[in-house]
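Below you'll find the structure, written out as structure tokens, and then a few comments.
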Amino acid sequence: MCMGFGCNACGVTGCRIIDSPRERLIAMLTNSFAPCNGRFPLLIFLCSVFFAGSAVGGSLLLTAVIAGSVVLTLAASRLLSATILKGVPSSFTLELPPYRAPQLGKVIVRSVFDRTLFVLGRAVAVAAPAGLLIWLLANITVGDTSVFQHLAAFLDPLGRLIGLDGVILLAFILGFPANELVMPLIVMGYLATGTLTDITSLQSFHALLLANGWTVSTALCTLVFTVAHWPCSTTCLTIWKESRSAKWTLASIALPTLFGFVLCFAVSAVCRLCGLT
């Protein structure tokens, strides 16, 4: 879980040390609940823009979101261990190996190839075609409207149902190759530009979101969905490589997505009752 806060793909790779196949699967399927570095920019922006009366307030909310992701991980693990991965828990035994002087060259080579280049290679294999797809969606027009905007309008009813909108939901879908794309995609959708655009000013970002109908409820649901939605392409590919199972790879996508939809629907309903929409 802790490795997942840096990169979920590396967190899944780290599950190799778990001897029990059942518990290894549980750890792999729930690792995406830990928000990785790619999701932190959006979390920090939202905490700073909508909920922070001060730097302390934004920090406390971000801490609460991270704590909530840990609770979600434990809840999902408990659900899996009681249902589709039901079984007898194994005991944890840590056997200390004999101490030897580390072979520096071997450590560096294994770290670079096994933990860095392989993960980066998987990311590039999906990121390049995804970048082309995003450009095509934003620049091909049908009836003076880009395909991106048509797709956002199509997804808008589903997005509204869970407290988001079509642009936000499409941004998460197109952000599948890398979570870092979600915020620039949201900005691109609202500005109707043909290229990915980033906004570094909190005030400009806040004004853009308010102009497009964002409320406290929208921001809260986006925070929840940022934590609980399908893992990125690199993580999915890593889960497939580690499990060699399409079934468990699909389960790793369905599990956090189901949690995200249910939680966003609940948060949106509570906000409507409290008049925060």
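Seen from a random direction on average, the alpha-carbon convex hull of the chain projects onto 17.6 square nanometres. Remark: accessible surface ordering of LEU120, LEU137 (largest first) is LEU120, LEU137, probe radius 1.4 Å.
Accessible surface comparison of HIS206, HIS229, probe 1.4 Å, protein chains only, largest first: the order is HIS206, HIS229. Normalised by the residues of region 144-241, what does the relative contact order come to in percent, with Cα pairs under 8 Å and at least six apart? Across region 144-241, relative contact order equals 23 percent. Based on protein heavy atoms only, the chain ends up with 52 Å² per residue of surface accessible to a 1.4 Å probe. Charge tally around ALA27: other residues with Cβ under 11 Å, Lys/Arg +1 each, Asp/Glu -1 each, net +1.
Tell me, how many Å apart are the Cα centres for region 241-277 and for region 151-174? The two parts, judged by their Cα centres, are 14 Å apart.
The values are calculated or read from the model by the stated rules, or taken from the named source; none is laboratory data. If you're wondering where the values come from, they're calculated on a predicted model, not measured in any experiment. Here Cβ is always computed from backbone atoms with ideal geometry, including for glycine, and neighbour counts include all displayed protein chains. Areas reflect the complete protein model, heavy atoms only, side chains present, ligands, DNA and RNA absent. Shrake-Rupley method; radii C 1.70, N 1.55, O 1.52, S 1.80 Å.
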